[in-house]
Amino acid sequence: MAESGKEVIYILTIVLAEIFHAANKGRIQLDFDGVLTVIQQNPNYKIIGFDYSILKEFIKIKGFDLHDNI
């Protein structure tokens, strides 16, 4: 949906760091630089930081693993 311009996807920097770490450890096969290129070239992908407002929303979510909540 983001590629078609119909939706905006917000990607937390901590999520990108987790993906980078998993790829470097060999847990997933992924061209991380390619992922960043796609994100940077599409205006419907937005990279955002894990700030106080996101923390407040995070606290409201129940029943998921820590990283899934984030």
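The values are calculated or read from the model by the stated rules, or taken from the named source; none is laboratory data. Bear in mind the structure is a predicted one, so any value in this text is a computation, not a measurement. Using ideal geometry, Cβ is built from the backbone for each residue, glycine included, and neighbour counts are taken over all protein chains shown.
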Please work out which residue is nearest to K6 (Cα to Cα), limiting yourself to region 26-37 and to residues that are loosely packed, with under 13 Cβ neighbours inside 10 Å and of a type outside the set (S, T, N, Q). G34
Filter region 38-60 for residues that are within 11 Å of the chain's Cα centre (by Cα) and not charged (D, E, K, R); the one that is surrounded by the fewest Cβ atoms within 10 Å (Cβ to Cβ) is G49
Take region 1-49 and flag every residue that is modelled with pLDDT of 90 or more and at positive phi. G26
Cβ-Cβ under 6 Å pairs, at least 6 apart or on other chains, region 23-36 side outside any helix (DSSP H, G or I), far side surrounded by 10 or more Cβ atoms within 10 Å (Cβ to Cβ): I28/A22; L30/A23
